[in-house]
């Protein structure tokens, strides 16, 4: 038995505002105050054109300054050169600068004395508004006491140690023996900063080879002038430094800063500890799964051969599963968590995991893993576009890309490559976003293009990839005469190809490709789930698989429209099934969903009005509500769960759809025999009659009404006649006036044989039970359900606003009004059975009893508004000159084949076999020293060489400013504040 | 990778085999026992699927098993078709000490029979049988394949409690052998009770699968593809005899390709 989930249908494309938040790595508004803020948003948010300047060392950049309390964020116009996100609480002083006329500039001073100058280049009133918002937001932060928290928080950041005591932290850190100095630093500082297992168990890789000291020195310099942790400003140099690989000791902190998880940790102090405390000792499926994998997570790392590392890993994974029980735990998260715990404290790792699972790898680890499947599809499509020859070859030999690439994405390459290299990819991934995964993946395929064209099967593909990953540390050009070229590793070449040749893969492309394939993926997941659900049924009854599939479709549709209550978990386990089998979670639907479900299948479980107004004829369908339907629900709930599973529905329908006359009569009888004693009480006879009336409510003519009336007459007369003592010998009726013995309305009254007799006495009822009842259940293919509207771009927005149900209703009402005016409006209720289309009166069988119709009996309100024709109303006519197009269902597919093919640059290169290596910057550099000889002592000259590698990745950065603008910006650096 | 040139010597037949089953029933351990992966005492976690190969000899044929060891966690289920498509054989594993794992196994069998290659040979393996045997009997039944290679614990799924064999071992058993056997017969499966820990029954599975696989059929189907990457070193073609040989080969891991 499986669960059925409609969760994928609830997907919504992020709004523009959400995209901005995502771009700046801001925490989504959750963890408590969601509801309030979503209501009163926008009031305090604003963005404004601005020019950012920072000291003389950096160029000024034009961009947009956003205030999104409690954060201030900036992004340069090209969205990649310069950006920052800083909490307002780190800003200590804001001054308006005294500058040339017409220039409106602010100086922002952070808590550690860094001066950021922003020149607001929008119109004056806009700038004034922005300033007042900024002032208010700062005041709020002050009142919340956030300002005070900053000092304590930054103590947990290693960068502060680097800055404040460079002699201790950086100088002592030799290229070779970082651990020795670590001991000293730790002792003298009392280790207040957060760090990972690496501090105790060593970091992977050789610190000398990794040039740790040079990197630390470069970072120290950068962080001194550009802020750090909460206040880090990301200039091009920052990205470059990330691309050469973060130094081990700073890595954890930079990861949380670049990914934005630091803001979560900052704004939720103590949350992690509390979460663990509150859920202490709690076990569930997730914690069981976690337990199985703890010893399988980077087992080769020393830290995970000790209890310390294992229990850290356990706590972080558990805490995450407590916070997000819906996701819980997915294999591969253990690898991610184990990897980041080498560099981060538990709390840091916890929040980074949240950012990874929630924002950076959306849906990757969800129960359906839809994000993983989607991105695999996207990756495949990118391969098809940029490496068509490889793609075609894979098609020919039937090799599936995902067998290799799925773990790449799912474990951020950590499971595929040697750790030192994988972590450098993680560095870039956290700095530059999810596109990195795709860029690296494409580069891997491209570099191996020639051999890939030789492979014949999945196995060969995997072996090739494994060999390649094993060679990442080798020289890419072992034969080269140039020592510098020899020094280039296969891994460096990989990054080079990734970021240079596949720089065309942008975040926008990824997003639009995801939009393009989302429907396909959802569809395939759903149909996979459907096949599984049908296959896993205990019994199909007399249905074919296809029919069961149709029932599943109806169920699924009903669940989409009326979602079952979310907490379907704790089913009262009074009735433990089987011998101690653990009950697997199984989707069950409640009464409301059942009504919806039944209305898809049974003609009488819905009210269908045929509306004609001269313009259109449409059928309006409303789910019917009646006790009869509720009765059916409980009748089918054989396990007394108060809810029905797919199996229950199949079995229930099986019990009625294949019946012959006698079986149907019995079925109907049993349905109304609540206590199952084989007798209907008087009350139940009345209820049963009401059920008839409900089913027949829209039949044309009086035939059915008459039949029900006769039924009641006969039922009571027979019932009275046959009352115990069962004098039910031969004579059907001694029509004697023997007054019926008084019998309470809830006493056993009518048994099955009698009921059968009464039914068979009537032609209409007989034919109802013979065929009509079974046929009133109809299984037919449902039209493909629309997927959630992807409101991409203006067109999407427009469409989604036109095609809403609301507007369809408006349109319908509108045409109805017109119809009424011109006298063509007509509403007909569609009959559920529709046997008699004309008003004819079938005669009753020769009645054994007096055929008097006891109208008095009709306790039931016999409102059979069989066909009501509304008279044309004389409403003031509306002028009809707007041409309204009927809202069709087809939503525009995100048109992007065009926009994407605009970058065929790489198509030419994709003959991967002939890959021409772009010359490395490093190749041209002066060849002053043979790098192979390890003669590295950390001079300043050599520090710069660390950067050589990355110069190759350099992209042009555009400050977006003219020279004149730059002059103004420079002036501001020296401007005096206004009072 | 030892012997990287994938075998395409005259009589080598490639057989794609997939392992399926609930999480923690010991799929990976079964494979590791068979493949005897001596280079990796700590196995890498199964993300999606792990891929291993092993060669064996059956009569005068060399079979090259390409083994896809899938992740057992329920949410990876939807990825499984990627791995079992085109598979010629499948080993569906359950845990004899866990009744629900047989139910899951049955559902895998159903899925394979409906969705996979119609000629697929399916074997049902009730693993962890060592937990329900007294140690004496398990010793006699076992044919430990690679005695010197690795500690037994290395292949045990964490959570497996080998120590529990004492006391009344049969009480741990939740799936009677007869019940599983009856099901396997009815569904047309090969059936074994195995212990990755002691090695009992492991080689037998692969031997019996090898016997049952329509080798000629596969050969005919793949004939067109053979001859690629032809570097396969000439294999010692000893004159040994049928099933035993396969066992011995596997035992010694002589041709084992631990990639």
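The values are calculated or read from the model by the stated rules, or taken from the named source; none is laboratory data. Just so we're clear, the structure is a prediction, and the values are computed from it rather than from any experiment. Using ideal geometry, Cβ is built from the backbone for each residue, glycine included, and neighbour counts are taken over all protein chains shown.
Would you confirm whether or not the range B:74-81 contains a residue that is on the phi > 0 side of the Ramachandran plot and at the interface with chain A (Cβ under 10 Å from one of its Cβ atoms)? The answer is no, given that none of the residues of the range B:74-81 is on the phi > 0 side of the Ramachandran plot and at the interface with chain A (Cβ under 10 Å from one of its Cβ atoms).
In this structure, is residue A:157 more than 23 Å from residue A:234 (Cα to Cα) and touching a residue at least 12 places away in the same chain (Cβ under 8 Å)? So residue A:157 fails the test. If you go through the range A:278-292 and keep only what is assigned to a loop (DSSP other than H, G, I, E, B), within 14 Å of chain B (Cβ to nearest Cβ) and surrounded by 12 or more Cβ atoms within 10 Å (Cβ to Cβ), you end up with just A:284.
When the range B:174-183 is filtered for residues that are touching a strand residue (DSSP E or B) at 6+ places or on another chain (Cβ under 7 Å) and closer than 21 Å to residue B:24 by Cα, the ones remaining, listed by number, are B:175, B:177, B:180. Just a yes or no: is a residue in the range A:788-805 modelled with pLDDT under 85, closer than 22 Å to residue A:599 by Cα and out of contact with any strand residue (DSSP E or B) (no Cβ under 9 Å at 6 or more places or on another chain)? Yes. So for the range A:539-548 (the condition being within 14 Å of another protein chain (Cβ to nearest Cβ) and under 26 Å from residue A:364 (Cα atoms)), does at least one residue qualify? Checked the range A:539-548: no residue is within 14 Å of another protein chain (Cβ to nearest Cβ) and under 26 Å from residue A:364 (Cα atoms).
Is at least one residue of the range A:568-589 modelled with pLDDT of 75 or more and under 30 Å from residue A:771 (Cβ atoms)? Looking through the range A:568-589, at least one residue is modelled with pLDDT of 75 or more and under 30 Å from residue A:771 (Cβ atoms). Can you confirm whether the range A:414-426 contains a residue that is within 14 Å of chain B (Cβ to nearest Cβ) and at pLDDT 95 or above? Checked the range A:414-426: at least one residue is within 14 Å of chain B (Cβ to nearest Cβ) and at pLDDT 95 or above.
Applying the set (1) crowded, with 24+ Cβ neighbours inside 10 Å; (2) within 14 Å of chain B (Cβ to nearest Cβ); (3) assigned to a helix (DSSP H, G or I) to residue A:351 leaves exactly one unmet item: (2). Those helices (runs of 4 or more DSSP H) of the range A:446-494 in which 2 or more residues are within 14 Å of chain B (Cβ to nearest Cβ) and in contact with a strand residue (DSSP E or B) (Cβ under 9 Å, 6 or more places away or on another chain) occupy A:458-470.
Residues checked against (1) at pLDDT 90 or above; (2) at the interface with chain A (Cβ under 9 Å from one of its Cβ atoms); (3) part of a loop (DSSP other than H, G, I, E, B):
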position: B:43; (1), (2), (3): no, yes, yes
position: B:55; (1), (2), (3): no, no, no
position: B:63; (1), (2), (3): no, no, no
position: B:92; (1), (2), (3): yes, no, no
position: B:110; (1), (2), (3): yes, yes, no
position: B:122; (1), (2), (3): yes, no, no
position: B:125; (1), (2), (3): yes, no, no
position: B:136; (1), (2), (3): no, no, no
position: B:139; (1), (2), (3): no, no, no
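For (1) farther than 22 Å from residue A:192 by Cβ; (2) not in a helix (DSSP H, G or I), each residue gets a yes or a no:
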residue: A:119; (1), (2): yes, yes
residue: A:131; (1), (2): yes, no
residue: A:137; (1), (2): yes, no
residue: A:151; (1), (2): no, no
residue: A:159; (1), (2): no, no
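Among the residues of the range A:610-640, the ones that are surrounded by 18 or more Cβ atoms within 10 Å (Cβ to Cβ) and assigned to a strand (DSSP E or B) come to 2 in all.
Quick check, is residue A:449 surrounded by fewer than 21 Cβ atoms within 10 Å (Cβ to Cβ) and more than 21 Å from residue B:78 (Cα to Cα)? Yes, satisfied. You will find that of B:99, B:71, B:105, the residue that is under 24 Å from residue A:293 (Cβ atoms), surrounded by fewer than 20 Cβ atoms within 10 Å (Cβ to Cβ) and touching a residue at least 12 places away in the same chain (Cβ under 8 Å) is B:99 and no other. Could you check the range A:325-344 and list, in sequence order, the residues that are buried (at least 24 other Cβ atoms within 10 Å of the Cβ) and assigned to a helix (DSSP H, G or I)? Result: A:333, A:334, A:336, A:337, A:338, A:339, A:340, A:341. Yes or no: residue A:383 under 18 Å from residue A:515 (Cα atoms), more than 14 Å from every other protein chain (Cβ to nearest Cβ) and in a helix (DSSP H, G or I)? Against the criterion (under 18 Å from residue A:515 (Cα atoms), more than 14 Å from every other protein chain (Cβ to nearest Cβ) and in a helix (DSSP H, G or I)), residue A:383 qualifies. In the range B:198-206, is there at least one residue being surrounded by fewer than 18 Cβ atoms within 10 Å (Cβ to Cβ) and at pLDDT 90 or above? The answer is no, given that none of the residues of the range B:198-206 is surrounded by fewer than 18 Cβ atoms within 10 Å (Cβ to Cβ) and at pLDDT 90 or above.
Results for (1) in contact with a strand residue (DSSP E or B) (Cβ under 7 Å, 6 or more places away or on another chain); (2) assigned to a helix (DSSP H, G or I); (3) surrounded by 17 or more Cβ atoms within 10 Å (Cβ to Cβ); (4) within 14 Å of chain B (Cβ to nearest Cβ), shown as yes or no for each residue.
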| site | (1), (2), (3), (4) |
| --- | --- |
| A:255 | no, yes, yes, no |
| A:265 | no, yes, yes, no |
| A:274 | no, yes, no, no |
| A:300 | no, no, no, yes |
| A:318 | no, yes, yes, no |
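Residue count for the range A:642-676 under the criterion of being in contact with a strand residue (DSSP E or B) (Cβ under 6 Å, 6 or more places away or on another chain) and surrounded by fewer than 18 Cβ atoms within 10 Å (Cβ to Cβ): the result is 0.
Residue A:631 passes every criterion in (1) more than 22 Å from residue A:745 (Cα to Cα); (2) touching a residue at least 40 places away in the same chain (Cβ under 8 Å) apart from (1).
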